[in-house]
Amino acid sequence: MHFAGSGAARRQGARLLTRTAPYASPPHAGFEHSARVEGFVRGWRRVWHQGSTDHRGTPAFPGRTVTLVEAEGAETWGAAYRLAGDAAQQLAALAYLEEREKQYDVRCQMPLFGWPAAGGGAAVLLLPRVLVFIGSADRSRNANYLGPAPPPAIAAQIASAVGPSGPNSAYLYRLAAAMRAMAVGDAELFALEAAVRSLRGSDGGDEGGGGSSGSADEGSDGEPG
């Protein structure tokens, strides 16, 4: 999930969750949580390579959602959520997340970092392990992997796709809004947002559209990825 950050690194938005704490990740949740931590994972960047046939598109016309690929020097931003409740309630939240993120085939744990509030200095470790959902390029495991495409083609697909959870464009708009709220300057993401808005014309109502589940990159709770 993309942009220009500090030094040679790139800061980008992510989809995170932690299991040790237990925490879970989107900038927005869709499940009960007792804490929210904004930060970044290192060595991964956000890309629009994942197809969505159950939330932001259909099997006949998939939408595009974000996933992560390894990239040296990258910093991908997102939010981690501490699961609320007792063990049974936390297991229920994890089951909900597994269903919501079922088109993402990889689960891995990564440390979550942040920058000192005063600015400057080295990054600080915020959480030792955060559960991250990733759609891999392995089509034997990830049937909805679309792979890279030229930016104009990605913009056109996002501008046109609609699924059970609403327009694909709303997913993009909310991700862009979430990154702005975190003060993450993501030139690539914002350029894609501008391209899709230009293709769709005046459709500000998309940003309020709802869905039935939650996503790590959306701007409202309960939006699927």
Breaking point among (1) in contact with a Lys or Arg (Cβ under 9 Å, 6 or more places away or on another chain); (2) surrounded by fewer than 21 Cβ atoms within 10 Å (Cβ to Cβ); (3) part of a helix (DSSP H, G or I), for Leu172: (2)
What is the residue count in the stretch 145-157 for residues that are part of a helix (DSSP H, G or I) and within 14 Å of Ala60 (Cα to Cα)? 1
Can you tell me which condition Glu32 does not meet? The list is (1) crowded, with 22+ Cβ neighbours inside 10 Å; (2) modelled with pLDDT under 85, and all the others hold. (1)
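Is there a residue being among the small types (Gly, Ala, Ser), touching a Leu at 6+ places or on another chain (Cβ under 6 Å) and not in a strand (DSSP E or B) anywhere in the stretch 89-96? Talk me through it step by step, then tell me what you get.
Of all residues in the stretch 89-96, those among the small types (Gly, Ala, Ser) come to 92-93, 95.
From what is left, the residues that are touching a Leu at 6+ places or on another chain (Cβ under 6 Å) are 93.
This time we only want the ones that are not in a strand (DSSP E or B), so: 93.
The answer is yes, given that some residue of the stretch 89-96 is among the small types (Gly, Ala, Ser), touching a Leu at 6+ places or on another chain (Cβ under 6 Å) and not in a strand (DSSP E or B).
One line per residue, one yes/no per condition, for (1) under 18 Å from Ala178 (Cβ atoms); (2) surrounded by 12 or more Cβ atoms within 10 Å (Cβ to Cβ):
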residue: Ala87; (1), (2): no, no
residue: Pro111; (1), (2): no, yes
residue: Trp115; (1), (2): yes, yes
residue: Ser136; (1), (2): no, yes
residue: Tyr145; (1), (2): no, yes
residue: Ile154; (1), (2): no, yes
residue: Ile158; (1), (2): yes, yes
Counting only residues that are outside any strand (DSSP E or B) and within 17 Å of the chain's Cα centre (by Cα), which one in the stretch 123-136 is nearest to Ala80 (Cα to Cα)? Gly135
Close pairs (6 angstrom Cβ cut-off, 6 or more residues apart or separate chains): under 21 Å from Ser52 (Cα atoms) in the stretch 172-186, modelled with pLDDT under 90 and in a helix (DSSP H, G or I) anywhere: Tyr173/Glu207
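For Glu72, indicate whether it is at pLDDT below 90 and surrounded by fewer than 18 Cβ atoms within 10 Å (Cβ to Cβ). Spell out the reasoning first.
On the way: at pLDDT below 90: no; surrounded by fewer than 18 Cβ atoms within 10 Å (Cβ to Cβ): yes.
It is false that Glu72 is at pLDDT below 90 and surrounded by fewer than 18 Cβ atoms within 10 Å (Cβ to Cβ).
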Restricting attention to the stretch 185-225, which residues are crowded, with 17+ Cβ neighbours inside 10 Å, out of contact with any His (no Cβ under 6 Å at 6 or more places or on another chain), modelled with pLDDT of 90 or more and of a type in the set (A, V, I, L, M, F, W, C)? Leu192, Ala195, Val196
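The values are calculated or read from the model by the stated rules, or taken from the named source; none is laboratory data. Computed from a prediction, not measured in an experiment: that's the story for all the values here. In this analysis, Cβ positions are derived from the backbone assuming ideal geometry, glycine residues included, and neighbour counts consider all displayed protein chains.
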